[in-house]
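Every number in this text was worked out from the coordinates using simple rules, so none of it is lab data. Not measured: the values here are computed from a predicted model. When we count neighbours, we look across all protein chains shown, and the Cβ atoms used for this are built from the backbone with ideal geometry, even at glycine.
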Amino acid sequence: MAAVLPVVYGLKELPSEGWNVRYVVAITVGLLFAALFVHRQRTTASPMISPALFRGHGFTPALALNTLSAFGVMGSAYFTTQYFQSVLGKSALEAALWSLLPSVLIGVAAPVATLLVQRGAERAYVVTAGFVISAGGYGLLALAGTDSLWLVLAACGMIASGIVVVMSLLTDLALSSAPVEKAGAASSLFETGTEFGGALGMAALGSIGTAVYRHEIPDAAPAAAQETLGGALAVAAELPGRAGTPWWRRPGRRSPAVCRERRSRARYCCSARPGRRRWDCAGSGYARKPRTPDRLNRSARPACEDEARSG
């Protein structure tokens with residue numbers, strides 16, 4: 001604990017708060033305690049973590065890759081949770097329920113990976129495929145917009161399933177390479193590495209995300225809005241009139257779901273009646289309305305935000 005907590009604290013605060021001697025000292029102290037712990041384990045007659053485990057073929061690389069995988073998946077989970085709640089406006093319960101959907105792919109990925117190895121596939125190739133699938137998921141996350149629920153869910157499913165493939169096979173490799181009498185210690189060390197990687201991923205990547213947010217937000221924004229996205233939403237909610245209301249809840253605007261439904265109707269109508277413009281399709285939601293003076297003076301922004309972006 002004396003080694004882990006100072007390092008996590010320093011890595012968490014340094015990216016978001018900037019250069020500070022206190023954070024550097026915390027990281028240095030943590031690394032010193034880690035060095036003392038390693039020295040103690042190498043010299044004592046009854047070590048808590050046997051050095052013989054790390055001499056086993058494949059154990060150390062498997063442990064390192066497993067920790068790295070936990071780092072990535074838990075760090076990305078922090079951002080997707082923020083996306084569901086702060087960007088899409090879901091409640092905590094709704095965000096949690098939506099987050100359960102990628103677990104369907106997780107339940108399929110692990111047995112399939114094990115079956116492939118049992119049928120003769122090279123473990124290294126399957127692990128590499130898991131990393132490639134996860135990388136594709138991270139690539140999809142980079143394409144997410146302000147209304148990309150299903151895209152984010154698909155990306156999370158790819159990330160989680162790829163990481164599960166990696167972690168399940170690496171765990172099997174590590175335990176099989178450890179001596180039989182050290183199997184319990186190897187399993188505990190692997191679990192500790194997973195927890196440490198996850199905690200470090202949430203701390204480090206969360207701090208980097210906060211640092212990027214603070215760098216991009218204007219200096220004229222209120223202090224609470226400059227801290228976090230949640231603070232910005234709280235400040236926006238207190239603003240009077242339209243400024244404090246999400247665009248899809250303003251009078252005359254339609255929600256993203258309604259916009260998607262009407263676009264689907266228009267596409268179906270126009271495909272069924274070639275040559276017709278979408279606003280001529282009855283029932284599609286695009287029927288042309290008479291241009292009254294009130295409509296002529298209204299803002300040119302369409303009722304559907306998605307239409308403005310796509311058109």
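The largest-to-smallest principal axis extents of the Cα set in the range 1-48 are 43, 14, 11 Å.
Computed on the range 1-48, with alpha-carbon pairs under 8 angstrom and 6+ residues apart, the relative contact order is 41 percent. Phi angles across the range 172-185 convert, under the Karplus curve 6.51 cos²θ - 1.76 cosθ + 1.60 with θ = phi - 60°, into 3J(HN,Hα) values of 4, 5, 5, 5, 6, 8, 7, x, 4, 6, 10, 5, x, 5 Hz, Gly and Pro given as x. Taking all C-alpha pairs of the range 56-214, those more than 28 Å from each other amount to 25 percent.
Remark: the A142-N20 segment gains 40.8 nm on full extension, using 0.36 nm per residue and subtracting the alpha carbon distance.
Computed 3J(HN,Hα) for the range 195-206, one whole-Hz value per residue from the Karplus formula 6.51 cos²θ - 1.76 cosθ + 1.60 where θ = phi - 60°, is 5, 5, x, x, 5, 5, x, 5, 5, 6, 5, x, glycine and proline marked x.
Could you calculate the contour length gain from A183 to A52, that is, 0.36 nm times the residue separation minus the distance between their Cα atoms, to one decimal place in nm?
Full extension of this stretch gives 46.0 nm more.
Considering Cα pairs under 8 angstrom that are at least six residues apart, work out the relative contact order of the range 31-188 and quote it in whole percent.
Computed over the range 31-188, the figure is 32 percent.
Phi angles of the range 93-102 translate, via the Karplus equation with coefficients 6.51, -1.76, 1.60 and θ = phi - 60°, into HN-Hα couplings of 5, 4, 4, 5, 5, 5, 5, 6, 4, x Hz per residue; Gly and Pro are given as x. Kindly list the residues of the range 1-41 that lie in the label zone of R214, defined by a backbone N under 20 Å from the point 7 Å along the Cα-to-C-beta vector. In the range 1-41, the label zone of R214 (backbone N under 20 Å from the point 7 Å along Cα→Cβ) covers 6-28. Using R0 = 35 Å, the C-beta based FRET efficiency linking T81 and Q41 works out to 0.45. With the simple model of a label 7 Å out from the Cα in the direction of the Cβ, L115 to L32 spans 5.5 nm.
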